[in-house]
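Okay, structure first, notes after.
The numbers here are math on the coordinates, done by the rules we state, and not lab data. Predicted model only: the values in this text are computed from it and were never measured. Glycine gets a Cβ as well: all are built from the backbone with ideal geometry, and neighbour counts include every protein chain shown.
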Amino acid sequence: MTAGAAGADGADGDAGAVGASDRAGAGRTDRADVIVVGAGIAGLVAAEAVYRAGRSVLVIEARDRVGGRMRSVGDANGAIELGATWFWANESAVIALVDRLGVDTFDQFSSGDALFEPGRRRMSGVPGVGDARRFTAGAGDLAGRLAARLPPGSVRLGSPVVALEVDDDEVRVRTAHGEHRARHAVVALPPPLVAERIAITPQPPAALAEKVVRTQVWMGEMTKAVAVYPEAFWRDEGLSGLVMSHQGPFREIHDHSGPHGSPSAVFGFAPSASFVGVDEIAIAEAFTAQLVRLFGGRAARPSRVDVVDWSRESWTTPARPHPERSTAGYGDPVFAVPVGGRLHWASTETATRFAGHVEGAIRSGLRAADAVVGALAGA
């Protein structure tokens, strides 16, 4: 058993990677109509929409991959999701993007009984994730396809932004490798990460600054583990793979198998607080032990276990989150007001609808793109 890709930003095999040539440009000053900070799905949606509107765009990303929390790793038989997994039939922005990019999807498996802990109670007719759908090649494929639609060299990886300076004429974006300038910028990162990592001049208004630091990062305090098996043996026993546990450490478990059951897998969510000081190998072992308790001896020998503790992902979650953080401020109107008229926000936490979903991230990117394109047209 291995803890594959455990806790690593940009591990080998991640879907959604772009070519090494996109790391070029260190040490020089570039100009664009719009600079997008962050190559997660919100940032890439914003960048591609700006580019389709006929404006020049540059995307600057700290990681060595695109996709952010839409992170997929390749398996011999298909994709495994270490971040966002699903979308739903009522989420029109995802569906429109999937259709436009020609992305294949499939229904989340939900047939069979669910299990509840403690007691391993078996219950039929318990709803799981409803009409959820998944991305056949992984959620990271969606990000990769968007990045591929941008001009060569316009996505700069491995380039953390350290400062944003706004004045009446432009935005200066400073990284460890140099400075870039644009007429507008989109900050497509979780708001509290911006507060911790990036100096903004002039300082944002007090109401915005307070909201930024108190916003909880979606998935930022969760650990996700995926166990891959030679076959989906739980289905043979009439089980859906859905588990709701009050015993833990993983509180929620789902079937994570690909189309037609291959690759065969289950994934679980656990609060990151359950694993303070515990390495990823031990987390994988804890997940496997829980699966054995639930599904029996056939769960004891997964071919691999992938683990990501999103609280340890330094380009997603602040190292020192606010003690009174919450999701209550998701979609707050302060995020729709650009700092200095030129610095715009985009992330699933800033979405006015479907915050915390891929749908919310896409909507936030489209909103930011509309704002900057409109501002450029009126300049």
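Spin-label model, Thr136 to Thr29: label points 7 Å out along the Cα-to-beta-carbon direction sit 4.9 nm apart. Which distance in Å, rounded to a whole number, links the C-alpha centroids of the stretch 139-158 and the stretch 222-258? Answer, in whole Å: 32. A Förster radius of 30 Å, combined with the Cβ-Cβ distance separating Asp99 from Ser262, puts the computed FRET efficiency at roughly 0.75.
Inter-label distance, Val278 to Ala300: 2.1 nm, where each label sits 7 Å from its Cα along the C-beta direction.
Ranking Val373, Ala114, Pro192 by how far each Cα lies toward the positive end of the dipole of the chain (charges on Cβ) leaves Val373 at the top.
Placing a label point 7 Å from the Cα of Arg293 along the Cα-to-Cβ line, the residues of the stretch 255-279 whose backbone N sits under 15 Å from it are 268-271, 274-275.
Here the residues Ile283, Ile200, Ile35, ranked from fewest to most Cβ neighbours within 10 Å of their Cβ, fall in the order Ile200, Ile283, Ile35.
Here the dipole of the stretch 3-378 is about 240 debye; that uses its Cα centre as origin and unit charges on the Cβ of Lys and Arg (positive) and Asp and Glu (negative). The stretch between His246 and Glu324, if pulled fully straight at 0.36 nm per residue, gains 25.6 nm over its current Cα-Cα span.
Under the shape rule built on the C-alpha gyration tensor, where the axes satisfy a ≥ b ≥ c, the chain is prolate, since a/c reaches at least 1.5 and a/b is greater than b/c. From the alpha carbon centroid of the stretch 66-97 to that of the stretch 267-309 is 22 Å.
Summing +1 for each Lys or Arg and -1 for each Asp or Glu among the other residues whose beta-carbon sits under 12 angstrom from that of Arg235 gives -4. Comparing Ser154, Thr288, Phe233 along the charge dipole axis of the chain, the residue lying farthest to the positive side is Ser154, per the Cβ-charge model.
Label positions at Ser124 and Gln203, each projected 7 Å from the Cα along the C-beta direction, are separated by 6.3 nm.
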